[in-house]
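Only one structure is covered here, and it is reproduced in the block below.
The values are calculated or read from the model by the stated rules, or taken from the named source; none is laboratory data. Because the structure is predicted, anything quoted here is derived from the model rather than measured. We place every Cβ from the backbone using ideal geometry, glycine too, and count neighbours over all the protein chains shown. To get the accessible areas, we keep the full protein, side chains included, count just its heavy atoms, and leave off ligands, DNA and RNA. Shrake-Rupley method; radii C 1.70, N 1.55, O 1.52, S 1.80 Å.
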Amino acid sequence: MNNIDEGFFSDLFKGKYQKYKAAVINELKKRGINAVALGHYFETYCRDFFLDRMSVSDCADSFAEDRVAKERLAIAEAKRIMREHGYRVRTLKG
């Protein structure tokens, strides 16, 4: 019993994580988000949710909300800079 193969547990863990990550990626694809293109940022986010044993849908929901918030912040910053430089910025109604 002293010689437990720790590699077995890490491979099992890694396999579960890869399935979890693939499920989150598929869920985000349905929402039009290419998580793979975000690289390390997505990997860190997904790993944290996996370690906290959160559901795939919770991870995808949170990640999507985070991306939308970051995009809105970037757009607001771009508008602010344009206004500072004398441009008129209009918001188009959809």
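Please name whichever of Leu28, Ala69, Leu12 sits farthest to the positive end of the charge dipole of the chain, dipole taken about the Cα centre and charges placed at Cβ: Lys and Arg +1, Asp and Glu -1.
The residue sitting most towards the positive pole is Ala69.
Sort Asp66, Asp52 by heavy-atom solvent-accessible area, probe 1.4 angstrom, most to least. Could the numbers behind the result be given before it?
On the way: Asp66 40, Asp52 110 Å².
Ranked from most to least accessible, the order is Asp52, Asp66.
What is the magnitude of the charge dipole of segment 33-94 about its Cα centre, with +1 placed on the Cβ of each Lys and Arg, -1 on the Cβ of each Asp and Glu, and no other charges, expressed in debye to the nearest 20? Write out the running numbers ahead of the final one.
On the way: 11 positive and 10 negative charges, 128 e Å.
The dipole of segment 33-94 has a size of about 620 debye.
Report, in deg cm²/dmol and to the nearest 500, the calculated mean residue ellipticity at 222 nm for the chain, where each DSSP H run with n ≥ 4 adds -39500 (n - 2.57) and the sum is divided by the residue count.
Details: 3 runs with 66 residues, N = 94.
Helix-only estimate at 222 nm: -24500 deg cm²/dmol.
Percentage of Cα-Cα pair distances in the chain greater than 24 Å, rounded to whole percent? Intermediate results must be reported in sequence, preceding the final value.
Details: 1896 of 4371 pairs.
Taking all Cα-Cα pairs of the chain, the fraction more than 24 Å apart is 43 percent.
Taking all protein chains in place and a 1.4 Å probe, what share, in percent, of the accessible surface of segment 30-81 do carbon and sulfur account for? Don't skip to the end; give the middle numbers.
On the way: 2010 of 3540 Å².
Carbon plus sulfur share of accessible area: 57 percent.
So how far apart, in nm, are the two label points at Leu38 and Ala23 if each is 7 Å from Cα heading toward Cβ?
Roughly 1.9 nm, to one decimal.
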